[in-house]
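> Below: one structure in structure tokens.
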Amino acid sequence: MPLYWTIDSRQQLVVVTAEGDVTRADVDDYLDAIEGGGAVAYRKLCDGRAGSLVMTHDEMMAVAVRFRSYHHRPVGALAIVLPHDKAEPVARMLGILASAERPLKLFTSLAPAQRWIDSLVPAQ
């Protein structure tokens, strides 16, 4: 499976790592887990440096619609780590993610992304 994630309810943090070709089914499985785990409002750190989206335009739009469906409720801050050459192919998806009422930052390395997301620890 090319997507791995942990949901930490104590820290209210989801860490997602992509390795290899990521399909719509992989993203749907992740989103099902986030919804089922009650983690939509948690902070998220997504490391996509070793992953590649392999979806058709229609599949990308279906995932985008699903992301958009979360915007009527609280969604957690999002730190996305991508190399420069992978940011362009997912630009439309990033735009949809950025339209939610939440902090969002794009990074090219993991350490600054981790520091930023950790600085947004929710009040306990």
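No lab work stands behind these numbers, since they all come straight from the coordinates. Note that the coordinates shown come from a computational prediction; the quantities given were computed from them, not determined experimentally. Counting neighbours? That spans all protein chains shown, and the Cβs are built from the backbone with ideal geometry, glycine included.
> Please report the antiparallel percentage of the DSSP beta bridges confined to the chain, to the nearest 5.
25 percent
> Run the simple label-point estimate for ASP29 and LEU106 please: 7 Å along Cα→C-beta, distance reported in nm.
For ASP29 paired with LEU106, the spin-label model returns 2.7 nm.
> Still on this structure, I have one more. Would you mind getting me the FRET efficiency between SER119 and ALA41? Use the beta-carbon distance for r and R0 = 22 Å, nearest 0.05.
Plugging the Cβ-Cβ distance into 1/(1 + (r/R0)^6) gives 0.80.
> Also, quick follow-up: Under a crude label model (7 Å from the Cα following the beta-carbon direction), how far is HIS84 from ALA64 in nanometres?
Label-label distance for HIS84 and ALA64, simple model: 2.5 nm.
> Quick check: Cα centre of the range 38-74 to Cα centre of the range 1-34, how many Å?
10 Å
> Only Cα pairs within less than 10 Å get springs; with that Gaussian network setup on the chain, which residue of VAL15, VAL40, VAL65 has the largest fluctuation?
Comparing VAL15, VAL40, VAL65 in the GNM, the peak value goes to VAL65.
> I need to check one value: relative contact order of the chain, counting alpha carbon pairs closer than 8 Å and at least 6 residues apart, in percent.
Relative contact order for the chain comes out at 25 percent.
> Given the rule -39500 (n - 2.57) for each run of at least 4 DSSP H residues, summed and divided by the residues of the chain, what is its mean residue ellipticity at 222 nm, to the nearest 500 deg cm²/dmol?
-11000 deg cm²/dmol
> With the cut-off at 1.5 for a/c, could you classify the range 1-42 from its C-alpha gyration tensor as rounded, prolate or oblate?
Oblate shape, in that a/c is at least 1.5 and b/c is the bigger or equal ratio.
> How are the C-alpha pair distances of the range 3-118 spread across 10 Å bins, as whole percents from the shortest bin up?
14, 51, 34, 2
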